[in-house]
Amino acid sequence: MRYFPRRGLNVPVITTVDEDGRVIAEDQRRVIRHVLQSGQGGRGADVIFANGTTGEWNHLSNAQRQRLMEIAVDEVKSVNRQAAAGSGERQPVEIWLGVNGGARAELLANLDAAIRLGADAAVIAPLAIDDLDEAEIMRFFRREINDLIEASPATLPVFLYDNADINAAGRYKLQAHIRTRVVRELSRLPWVCGIKVSASRRVLDNYTRAALHFKQPGEFGIYVGNANLIFDWFLPQRGWLPPRHLPIGVVAGPANVFPREWQKAWRVCWCGDEELMLEYRRLAADFERLTLFHGAGQANQYTGKMVACLKTALEMEGLITSDQVAPGTPPLSKAERARFRRGYDELKDMLRQRIDPRWQTAGAPTTATGLPQKATGAS
């Protein structure tokens, strides 16, 4: 297998749903084109990641997960065909699909669907599989997943996903993250090509060392899932030698709203531009503050409403018809929505004054079918 993980900005796209939790197809297509800045000159995501945590995979039915996968692959392929036809946009982007379901059987069905759809990669969170004990992880990957991938016409790259927030209920209470030795052993599989890590700097450091055992340089990619960590990780330090295996990308949920700004943030971090790193760190922190809603006496408690805020912002931009979240995702209250809308407008005004116009996210595009800004109906 000859595959080198894609570097750069990896955007876990939101999933647009109606009140019944069904994917709204045209809204979803517009969000994908917005994140890619398709038809606007590009400079958006390098990778679209559909059916992830920001996409509320664990609050969708499996039928809707697979419908989302179909829409995402089709739309990204459409954008890439347009690029190849001479639209002037940059190199084709990749489409990665989260294939987790409630149990092993759903994961295998979703992985099979990802292979049939022609996705560029699949993403699996081992600790989020309800009926898989930690001791069974290696056997499940080496046998059931490997058999499915080996039977396919072309090998599908797979990325691991480490995020304690989605671990299976009642499991792994003492082990919030995938053990380093498990990552090291899984990296022996030729189709395991990297890991997305929503964790601390220390956990990231452990995985960088584990990846060096069975992969050559460039064959195993590590992606920073807590996006704001890149401003610390890549900050130049005098007399400091970087580790041998640096992260090659960032997974940024806020890039659903600000794809160009996060693309530029990644670039300035990678090249070590300290002045611009500080500027983009401030902007990222300003947006994060808008999404942290607290109750009385809970000044440091995060309420998990980032997804709801992203959807409200995209609705304000005319990209989606509703900021409806999937059942089980914390929604914004009326007061929180009003507060967020005011703060978002203020942030947009500040961005226009402080960011190079070339790196300011362009407005809402139409879909490949040329439909107007407002979509009609759910899929």
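Once you have the Cα-Cα distance between Asp147 and Asp20, take 0.36 nm times their residue separation minus that, and quote the gain in nm to one decimal. Kindly include the intermediate steps, with their values, before the conclusion.
Numbers: separation 127, 0.36 × 127 = 45.72 nm, distance 3.56 nm.
In short, 42.2 nm is gained.
Could you tell me what fraction of 2.2 N^0.38 Å the Cα radius of gyration of the range 27-96 comes to, as a two-decimal ratio? Intermediate results must be reported in sequence, preceding the final value.
Working: Rg = 12.4 Å, N = 70, 2.2 N^0.38 = 11.1 Å.
After normalising by residue count via 2.2 N^0.38 Å, the value is 1.13.
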- [ ] Mind checking which of Trp57, Ala45, Gly21 is farthest towards the positive end of the range 9-87's charge dipole, using Cβ charges of +1 (Lys, Arg) and -1 (Asp, Glu) about the Cα centre?
- [x] Ala45
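Fewest to most neighbouring Cβ within 10 Å: what's the order for Arg29, Arg22?
Numbers: Arg29 25, Arg22 18.
With the fewest neighbours first, Arg29, Arg22 line up as Arg22, Arg29.
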Task: Residues Arg289 and Ala164, FRET efficiency given R0 of 22 Å [Cβ-Cβ distance, rounded to 0.05] - done: 0.45
Task: Nearest-20 debye value, the chain charge dipole, Cβ charges on Lys, Arg, Asp, Glu - done: 780
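Compute the relative contact order of the chain as a whole-number percentage, counting only Cα pairs closer than 8 Å that sit 6 or more residues apart in sequence.
In percent, rounded to a whole number, it is 22.
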- [ ] Kindly flag which residue pairs out of Lys264/Lys305; Lys196/Lys348; Lys311/Lys348; Lys264/Lys311 have an alpha-carbon separation exceeding 27 Å in this structure.
- [x] Lys196/Lys348
Task: Likely footprinting exposure, Ser78, Ser198, Ser152, fewest C-beta neighbours within 10 Å first - done: Ser152, Ser78, Ser198
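Show me the ranking of peptides 316-325, 275-284, 130-139 by mean Cβ neighbours inside 10 Å, starting with the highest. Present the calculation step by step, with values, prior to reporting the outcome.
On the way: 316-325: 19.7, 275-284: 16.5, 130-139: 13.9.
Ranking, from highest mean packing down: 316-325, 275-284, 130-139.
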Open item on the list: Sort 326-333, 224-231 by the packing proxy (mean of other Cβ within 10 Å over each peptide's residues), most packed first.
Closed with: 224-231, 326-333
Task: Theoretical FRET efficiency, 1/(1+(r/R0)^6), r = Cβ-Cβ of Arg339 and Leu117, R0 41 Å, to 0.05 - done: 0.55
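In square nanometres and to one decimal, what's the mean projected area of the convex hull around the Cα atoms of the range 112-184?
5.2
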Open item on the list: Along the charge dipole of the chain, pointing to its positive end and built from +1/-1 on Cβ of Lys, Arg, Asp and Glu, which listed residue (Ile320, Ala255, Ala135) has its Cα farthest out?
Closed with: Ala255
Task: Gyration tensor (alpha-carbon) shape descriptor, the range 1-158, a/c threshold 1.5 - done: oblate
Task: Over the range 8-359 - Rg/Rh using Cα atoms and the Kirkwood inverse-distance radius - done: 0.94
Open item on the list: Cut-off is 10 Å between beta-carbons; in what order do His177, His34 appear when sorted fewest neighbours first?
Closed with: His177, His34
Task: Peptides ranked, highest mean first, by Cβ atoms within 10 Å: ranges 51-60, 118-127, 334-343 - done: 51-60, 118-127, 334-343
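Each value in this text was obtained by applying a stated rule to the coordinates, not by laboratory testing. Source: prediction; values computed, not measured. We place every Cβ from the backbone using ideal geometry, glycine too, and count neighbours over all the protein chains shown.
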